[in-house]
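Worksheet: one structure, shown below.
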Amino acid sequence: MSILENLNPQQQEAVQCTEGPLLILAGAGSGKTRVLTHRIAYLIYEKKVYPGNILAITFTNKAAQEMQERLEKLVGSAAERLWVATFHSTCLRILRWEIKELGYTSDFVIYDEQDQQTLLKSILKEMNLDENKYTPRSISARISGYKNELKTPDAALREIGNSYYDHQVINIYEEYQKRLKKNNALDFDDLIMLTVKLFKEKPEVLAEYQERFKYILVDEYQDTNTAQYMLINLLAAKHKNLCVVGDDDQSIYQWRGADIRNILSFEEDYPEAKVIKLEQNYRSTKNILGAANEVVKNNTRRKAKTLWTEKEGGDKIHYYTAQDEVDEALFIVRTVRQIREEENKDYKDFAVLCRTTGQFRAIEESLIRANIPYRVFGGTKFYDRKEIKDILAYLRVIANPFDEVSLKRIINTPKRGIGETSWDKLVKYANTNGKTIYDCMAEPEAAGIGAKTAAAVKAFRKQMEGFKELSNSNITFLTTKILEDTGYRQELELEKTIEAETRLENLQEFLTVTKRYDAESQGGDLAAFLAEISLMTDIDNYDSDEDAMVIMTMHGAKGLEFPVVFITGMEENLFPHSRSIASNDPEEIEEERRLCYVALTRAKEKAFLTRAWRRSIFGRDSFNKESRFIGEIPEKYLENPLKREKAAFSGSLLSGAPSSVSRASSSCSFYVGDKVTHVKWGQGVVVSVKGTGEDAEISVAFPDQGIKKLIAKYAPLKKVTN
């Protein structure tokens, strides 16, 4: 079969254009992964390029795995010699070989978000800074921002003004980097920042990788930050065979450093670049695609393109206005049941997308009551659970005794009588004498620790030394040994609580992970196992074969597709988010609009937009206007929007029967869903009508005033007709 077979003309052109810089503008659902994999196959079979000279970079492990699997089918065993990985995995692999050039050892560990904050808390304590003012989470975000822009503490210091707070943040950043290096640890941002540093400071190392990677392909280029942009351009500088694939309309990660200018200015960076647009969509129906196009075209910073599809119109987009978040969730339940009954769909065909995780609760509760299986992505991650973090900390100290964050976590877990005071003494003694804490644990008496606790410290260190001798064993054996010999498993078993039982189940699931790794790697490379785990994300655990509904954020859904999609919370201050509105920055609103485009284009067959007149999140009631994005969708794409809006408040919300508009009486001119104005409280919405005629009691929701109850014949209300 020809490599070009079953590709449309634009896709074929993108596959065959192999030399020089190339920008592929790939709209949602336009087959970009197919183009990338066929382009690699074309390089190998038609251009006779050695597979090891090809680097393909993606943003998620899931995307990298999917690409690798497709390439194995296309090029067979040659796929094993290709570099197909995420930015972080690629840099991790390079640094494992080269990081000694920067003063680290190759057995470095990678700190996740929790580890970073633990280290920052320790630094704040030592610097005597108020943790309420200098919150670890905000400091971590600031440091991440600096690293994404390749700014060292010195470089960041040159850019700030006279703010005392900002100067302290830089001091914390500087100490944080020193402590990371002392612990032989990197955070996620270091993986890319240090690789760029390596290439800039060691041109001979850069030259080696430039020669190795003669052809570079980058997926989701619109999501690259400054550090990733610099990395790619350094690697591609020699041969310039750089193919970037992306869609500026799907750039939704500005809040974590992504710079849309990277894709918008690609032709300025490479004047000789060729641009190919992939505009044929193979995923969504014409109605869904038409609505998405109409929304995103309101943005000004974008490259002109219009997606089209050969799929016929399909269902119009359903728009439902609920009374509150509970009614919204019940509507989802009713609709899922109806579609399953009428179309025989599986639960896995349905996805609920939310702007924030705060919307999850009401939806989860309704699905539980309805006995509908579901999975949440964006909540507590498996590898963030306490028991998993504990066992990983043991493994990390075995691999790297310099890791003080992990050492502190396990020195008294399970309890050994080694408290905070003893730990502080070890830290002080280690710092004073220029030693590692792990080394100082061999002589705890010298740190001023009493005899009983000193014995416990020595016993713990001896036990860890024993585990280190087993570090070349398979990971499952070592993990089981730790759980048994430390008494960790026994402590949970003796607790005899539901929580302890759940933790034991999670540990058993972790052993499933280690067994799979042992089987695939056929060895006991502990450092490689820990590196693989550290780069796992929540969405990597998504199993498209599991028959369960999916609840996730709109950001988390990028790259996925579902037959039926519910997009919830279509309200001003929720979507677009209040932060974007308050910023008065047009770029932030444009990013929210791109997020709406991404959410809509996840749907293959049916899309439902929902909003609530009243919504309670984090204990606060809000009454928000309809999202501006609804107004940007022409009515021809919506299924009876006005009828849907008024239907929300009538009938039995708990019954699964369709609702119908309930009027108080012909002599009362106010109906549920009417927009009204009051001389004192301003504009509001009628949320209920009780009784009939002039004596009817009308409940109106006013922003910032709550719900007011009024009698029809006395109420100074006027309808808003536009």
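Find the percent of Cα-Cα distances in the stretch 1-99 that exceed 15 Å, and round it to a whole number.
63 percent
Report the equivalent ellipsoid semi-axes for the stretch 193-276 in whole Å, largest first, defined as the square roots of five times the eigenvalues of the gyration tensor built from alpha carbon atoms.
Working from the Cα gyration tensor, I get semi-axes of 22, 16, 9 Å.
Select from Ile317, Val336, Tyr347 the residue farthest towards the positive end of the dipole of the stretch 311-391; place +1 on Cβ of Lys and Arg, -1 on Cβ of Asp and Glu, and compute about the Cα centre.
About the Cα centre, the residue reaching furthest to the positive side is Tyr347.
Which trypsin sites (Lys or Arg not before Pro) from the stretch 138-211 combine a DSSP loop assignment with at most 16 other Cβ atoms within 10 Å?
Filter output for the stretch 138-211: Arg158.
Let me have the 222 nm mean residue ellipticity of the chain computed from DSSP H runs of 4+ only, each contributing -39500 (n - 2.57), with the sum over all residues rounded to the nearest 500.
So the helix-based figure for the chain works out to -13500 deg cm²/dmol.
Would you kindly derive the ³J(HN,Hα) couplings of the stretch 444-458 from the backbone phi angles with the Karplus curve 6.51 cos²θ - 1.76 cosθ + 1.60 (θ = phi - 60°), listing them in order in whole Hz, with x for Gly and Pro?
With the stated coefficients, the stretch 444-458 comes to x, 4, 5, 8, x, 8, x, 4, 5, 5, 4, 5, 5, 5, 5 Hz.
Students often get this wrong, so check it: of Lys133/Lys408; Lys32/Lys147; Lys151/Lys178; Lys277/Lys297; Lys277/Lys311; Lys604/Lys636, which have C-alpha atoms separated by over 21 Å?
Lys133/Lys408; Lys32/Lys147
Place +1 on the Cβ of every Lys and Arg and -1 on the Cβ of every Asp and Glu in the chain, take the dipole about the Cα centre, and give the residue among Ala701, Asn233, Ala64 whose Cα lies farthest towards its positive end.
Ala701
Under 16 Å between alpha carbons, and skipping anything fewer than 8 positions from Lys202 in its own chain: which lysines qualify?
Those lysines meeting the cut-off are Lys100, Lys238.
Which aspartates and glutamates, if any, have their Cα less than 17 Å from the Cα of Lys680, not counting same-chain residues under 8 positions apart?
Within reach: Asp704.
Would you mind getting the accessible area per residue of the chain, heavy atoms of the protein chains only, 1.4 Å probe, in Å²?
Using a 1.4 Å probe on heavy atoms only, each residue of the chain averages 44 Å².
Label the stretch 276-408 by shape, choosing from rounded, prolate and oblate, from the square roots a ≥ b ≥ c of the eigenvalues of the Cα gyration tensor; if a/c is under 1.5 it is rounded, and otherwise prolate applies when a/b is larger than b/c, oblate when it is not.
Oblate is the answer for the stretch 276-408, as a/c is 1.5 or above yet b/c matches or exceeds a/b.
Report Rg/Rh for the stretch 188-344, rounded to two decimals, where Rg is the Cα radius of gyration and Rh the Kirkwood radius.
Value, to two decimals: 1.12.
Bin all alpha-carbon pair distances of the stretch 82-207 at 10 Å intervals from 0 and give each bin's fraction as a whole percent.
12, 42, 32, 12, 2
Output the pairs from Lys675/Lys718; Lys240/Lys274; Lys435/Lys458 with a Cα-Cα distance over 18 Å in this structure; if there are none, say none.
none
To the nearest 20 debye, what charge dipole does the chain have about its Cα centre, counting +1 at the Cβ of each Lys and Arg and -1 at the Cβ of each Asp and Glu?
Dipole size: approximately 1080 debye.
What number, in nm² with one decimal, is the all-direction average of the projected area of the convex hull of the alpha-carbon atoms of the stretch 123-267?
Quarter of the Cα hull surface area: 10.3 nm².
Kirkwood-based Rg over Rh for the stretch 341-416 (C-alpha set), two decimals?
Ratio of gyration radius to Kirkwood radius: 1.23.
Could you check how much of the accessible area of the chain is carbon and sulfur, as a whole percent, using a 1.4 Å probe?
Reported share for carbon and sulfur atoms: 47 percent.
How big is the charge dipole of the stretch 67-155 about its Cα centre, in debye rounded to the nearest 20, if each Lys and Arg gets +1 on its Cβ and each Asp and Glu gets -1 on its Cβ?
Magnitude of the dipole: close to 180 debye.
What does DSSP give for the chain in terms of the percent of beta bridges that are antiparallel, rounded to the nearest 5?
Counting DSSP beta bridges with both partners in the chain, the antiparallel share is about 35 percent.
The values are calculated or read from the model by the stated rules, or taken from the named source; none is laboratory data. Predicted, not measured: the structure shown is a model, and the values here were computed from it. Quick reminder, even Gly has a Cβ in these numbers, built from the backbone with ideal geometry, and neighbours come from all protein chains shown. These accessible areas exclude ligands, DNA and RNA; they are computed on the full protein's heavy atoms, side chains included. Shrake-Rupley method; radii C 1.70, N 1.55, O 1.52, S 1.80 Å.
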